[in-house]
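The values are calculated or read from the model by the stated rules, or taken from the named source; none is laboratory data. This structure is a prediction, so every number in the text was calculated from the model and none was measured. A quick note on method: Cβ atoms are made from the backbone with ideal geometry, for glycine too, and the neighbour counts reach across all protein chains shown.
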Amino acid sequence: MQQLEQTLKAALGAAIKNVFDAEVASPQLTLQPTRKEFAGQFTLVTFPFTKTLGKGPEQIGQGIGEWLVQNEPLVKGYNVVKGFLNLEIADTAWVELFDRLRQQPAGAPIETGGPQNVVVEYSSPNTNKPLHLGHLRNNFLGYSVAEILKATGATVNKVNLVNDRGIHICKSMLAYQQYGNGETPQQAGIKGDHLIGKYYVLFEKHYREQVRQLEAEGVAADVAKRQAPMMLEAQDMLRAWEANDEQVVSLWRQMNGWVYEGFHETYQTIGVDFDKYYYESGTYLLGKERVEEGLQKGVFFRKDDGSVWVDLKQEGLDEKLLLRADGTSVYITQDLGTAELKYQDFTYDLSVYVIADEQNYHMQVLKAVLKKLDKPYADAIYHLSYGMVDLPSGKMKSREGTVVDADELVREVVAAAQAATLEKGKTEGLTDEQAAELYHMLGLGALKYYLLKVDPKKRMLFNPEESVSLEGHTGPFIQYSHARISAIRRKAAELGIAEDASLTSLTELHDTERELVQELGRYAAVVTEAARTQSPALVAQYAYDVAKAYNRVYTEVEIFREADATKKAFRIALSAQTARAIKTSMGLLGIQVPERM
C-alpha cells in the first residue's frame, strides 16, 4: 500500500507542476481514505493549496483530477466535492498490490524505525489473591503489545514482576496463621491462589470488626484503623520478614508456593507467557541501595523520624516517601531496584509498564526519581496506562471479595460460547475433543477481543453475554469468518484450484473485491500505528474490518460458480490472503482462529 501511495503522490506532484506551474513537496500531499458515500479510494484535501496555487479548492481539484485521468494510468476517475478530490484507482493497480501482498513472507517484520530492544512488564500480581477481571485486561494488553512490537522487528522480552512481599501479603499470612488450622489447597479442594485469597478477605473482615469496636469505645476513626490489633500484628510480621525470621519466612514460602501453582495454571489457560520473572522480595534490597545512593548524592533527604523522602515539587509532583521510618521499603523502593535489574539483564531502549491508570502518579514519580539519580534508562520508561474494567453491578473490590475471578470468568465465557455455537449448529463433524477445543478457543477469543477492542486508555464496561455473540463486533464473528474461509479453501483444494495462480490477465474487480484488497493493504500501516501508540485496539478493529469486507465479497460475488477461470482463481487467492491476514492480526492479540466450525 505504501508503494501505491508513493506512486500516487508523485503523480499528484506532477499534476500540480503541469497544471499550475508550482512545486508541492510530497510530504505536503496528505492522502486519506475516501468516505464510503463517494466514489474513489484516496482523497486529497485541496484547501491547504489555495494560497500557493492562487485558485479555489474546487478549481484545484478539477485541474488535478483532469490531468491525472489523461496522463496517469494509475487513476481511472475522479470527483470533486467542495475542497476534496476523490480519486478512483485503476483495478490493475489493486491486482498488482494484491500480488505483492501474497508474495510477502508471513510474519515478515514491518520496519518502523522504532525501539529495537524492548521489555514489556505485565501481569504483576500480588501473592495474596487470585487473578481477577482487571488482571485479565492487564495480561491481554501486555501480551498483545509485546507481540505487536515483535511484528516491527524489535527484540521483546516479556517479564512479570510478582509482588510477593509487603503488608498486604502479611495480612493473608496472619489470617492463615490465626484461622487456617493448617489447611492446604489439596484439603480444601481449591487452587492455591484462591485459598490464599480467602484469607485476605478473612483478614479484612476481622480487621474491620476490630476497627468498629475501637470506634465504639471512643477511639477516632483514623487512629482505630492504625491501632487495630490485627494491623499492628501484620506490621510486626512484615518487620519480622525483613529481619529474616525463620518461622515467618517459612510460612511465606509455603503460602507463596501455593499461589504460584495457581497462577501458573491460570496463565496456561488464558494463553500468556513470560520470558523472565522478577520478585519484589529479590529487588527491594537493590532498591534500598539506590535510596542510599540518593542520600549520598544529596537528591534525597531523611526526616527527623528516620524516613527517607525525595522532593519532586520542581517536577510538578510532591514529596514522595522512599523508605519508612522503621527501615521497611515501600512500592517505589522495589521499583527502583527492578528498573535497574531489567536494564542489567536486557539493556532496553524501551521499558513498558502495563499498569492501571490508578498508578499514573506513581509512575511519574518513578521516572522522576530515576532522573534525579541520573540513570541512563530513565527516559526509556513508558507507562502503558489503561482504564479499569467495570461490571454492570459496579466496581470490583478485592478486600471485600467482590471481584470477578479470572478462572471463573473464563469458565463462564467458554460455557457461553458452547451454548451460542450449539444454538447456531456450528459443530457438525467435530469429535467431542475437537468441539471442547473449539469452545475454549471461542470463549477465550471472545474474552480477549472484548477487552482489547477498546482503546487501552478508556475505562470500560464488560458484558459477558455480548462478548460471545457470533455476530457483530466480536471475536467469535471474526473467528467464524476464518472458519468459513478455511472451508472454501478446502473445497478449492479438492477441485484442484491453486491459490497461487497467475493473475496478470485480470483487469477488472468487483467493488467488494477492491475494498477487500485495500483493507488487506492497510496491515503494515495499522501495525506501525499500533506499535507507536501501543494500542491493540487498532489491530482488533483491523481484523474486524477485514472479516466484514470478506463477508461482503462472499455475499455479493460467486466463487465456485464463477464461469471466468481467472476471476475464480483470484477469489480463491483472495480468500487465502484474507485468512492469512485474519490469522496474523488475531495472533497479535493472542487469539487463535479455528479451521473448522
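Things worth noting here:
- With respect to (1) in a helix (DSSP H, G or I); (2) free of Cβ contacts under 8 Å to residues at least 12 places away in the same chain; (3) of a type in the set (A, V, I, L, M), the lone exception for Ile190 is condition (1).
- Of all residues in segment 91-117, those that are at pLDDT 95 or above and not in a helix (DSSP H, G or I) total 1.
- When Pro594 is tested against (1) part of a helix (DSSP H, G or I); (2) surrounded by fewer than 23 Cβ atoms within 10 Å (Cβ to Cβ), only condition (1) is not met.
- Residue within segment 25-36 that is assigned to a helix (DSSP H, G or I) and hydroxyl-bearing (Ser, Thr, Tyr) present: yes
- Residue in segment 575-589 that is in contact with a Phe, Trp or Tyr (Cβ under 7 Å, 6 or more places away or on another chain), farther than 27 Å from His510 by Cα and in contact (Cβ under 8 Å) with a residue 60 or more places away in the chain present: yes
- Tally, over segment 373-415, of residues that are small (Gly, Ala, Ser), modelled with pLDDT under 90 and touching a Ser or Thr at 6+ places or on another chain (Cβ under 8 Å): 0
- Of the set (1) in contact with a strand residue (DSSP E or B) (Cβ under 7 Å, 6 or more places away or on another chain); (2) among the polar types (S, T, N, Q); (3) crowded, with 23+ Cβ neighbours inside 10 Å, all apply to Asn139 but (1).
- Selected residue [at pLDDT 95 or above and of a type in the set (Ser, Thr, Tyr)] from Thr7, Thr34, Thr43, Thr50: Thr43
Quick grid of which residues meet (1) in contact with a strand residue (DSSP E or B) (Cβ under 6 Å, 6 or more places away or on another chain); (2) modelled with pLDDT of 95 or more; (3) within 28 Å of Lys458 (Cα to Cα); (4) not small (Gly, Ala, Ser):
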position: Leu520; (1), (2), (3), (4): no, yes, yes, yes
position: Tyr523; (1), (2), (3), (4): no, yes, yes, yes
position: Ala531; (1), (2), (3), (4): no, yes, yes, no
position: Gln534; (1), (2), (3), (4): yes, yes, yes, yes
position: Leu538; (1), (2), (3), (4): no, yes, yes, yes
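- Whichever residue in segment 430-487 is of a type in the set (D, E, K, R) and assigned to a helix (DSSP H, G or I) and, among such residues, is nearest to Tyr143 (Cα to Cα): Lys448
- Listed by position, the helices (runs of 4 or more DSSP H) inside segment 211-312 whose residues that are touching a residue at least 12 places away in the same chain (Cβ under 8 Å) and within 30 Å of Phe346 (Cβ to Cβ) number at least 2 are 229-242, 246-270, 280-297.
- Under the condition of being assigned to a helix (DSSP H, G or I) and crowded, with 18+ Cβ neighbours inside 10 Å, the residues counted in segment 520-540 number 14.
- Cross-chain or 6+ apart pairs with Cβ under 6 Å, segment 457-468 first and under 24 Å from Leu384 (Cβ atoms), then modelled with pLDDT of 80 or more and acidic (Asp, Glu): Leu461/Asp390
- Matching residues, segment 541-571, being crowded, with 21+ Cβ neighbours inside 10 Å and out of contact with any Leu (no Cβ under 9 Å at 6 or more places or on another chain): Tyr542, Tyr544, Ala547, Arg571
- Answer residue from segment 198-251, given it is hydroxyl-bearing (Ser, Thr, Tyr) and out of contact with any Ser or Thr (no Cβ under 8 Å at 6 or more places or on another chain) and is surrounded by the most Cβ atoms within 10 Å (Cβ to Cβ) among those: Tyr207
- Filter result for Asp335 (among the charged types (D, E, K, R), within 23 Å of Arg137 (Cα to Cα) and not in a loop (DSSP other than H, G, I, E, B)): yes
- Subset of segment 155-187 (residues that are among the β-branched types (Val, Ile, Thr), in contact (Cβ under 8 Å) with a residue 40 or more places away in the chain and surrounded by 20 or more Cβ atoms within 10 Å (Cβ to Cβ)): Val159, Val162, Ile169
- Unique match (being touching a helix residue (DSSP H, G or I) at 6+ places or on another chain (Cβ under 9 Å), under 21 Å from Glu508 (Cα atoms) and not assigned by TED's automatic domain parsing to the domain that holds Ala175) among Trp67, Trp94: Trp94
- Of all residues in segment 118-153, those being part of a helix (DSSP H, G or I) and aromatic (Phe, Trp, Tyr) number 2.
- Residue match in segment 372-379 (condition: aromatic (Phe, Trp, Tyr) and not in a loop (DSSP other than H, G, I, E, B)): no
- Residue tally, condition of a type in the set (D, E, K, R) and surrounded by fewer than 16 Cβ atoms within 10 Å (Cβ to Cβ), over segment 497-519: 3
- Residue pairs meeting the criteria (Cβ under 7 Å; at least 6 apart or on separate chains; first within 18 Å of Ala93 (Cβ to Cβ) and among the small types (Gly, Ala, Ser), in segment 1-29; second at pLDDT 90 or above and in a helix (DSSP H, G or I)): Ala11/Leu68; Ala15/Ile64; Ala15/Trp67; Ala15/Leu68
- Selection of segment 496-519 for residues being assigned to a loop (DSSP other than H, G, I, E, B) and in contact with a Phe, Trp or Tyr (Cβ under 7 Å, 6 or more places away or on another chain) yields Leu503, Leu506, Leu509.
- Subset of segment 550-573 (residues that are in a helix (DSSP H, G or I) and either closer than 20 Å to Tyr480 by Cβ or not assigned by TED's automatic domain parsing to the domain that holds Glu519 (or both)): Tyr550, Asn551, Arg552, Val553, Tyr554, Thr555, Glu556, Arg571, Ile572
So that you can scan it fast, the table gives a plain yes or no per residue for (1) among the hydrophobic types (A, V, I, L, M, F, W, C); (2) farther than 27 Å from Leu133 by Cβ:
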{"site": "Lys457", "(1), (2)": "no, no"}
{"site": "Gly472", "(1), (2)": "no, no"}
{"site": "Ala501", "(1), (2)": "yes, yes"}
{"site": "Glu508", "(1), (2)": "no, yes"}
{"site": "Leu516", "(1), (2)": "yes, yes"}
{"site": "Ala531", "(1), (2)": "yes, no"}
{"site": "Val539", "(1), (2)": "yes, no"}
{"site": "Tyr544", "(1), (2)": "no, no"}
{"site": "Tyr554", "(1), (2)": "no, yes"}
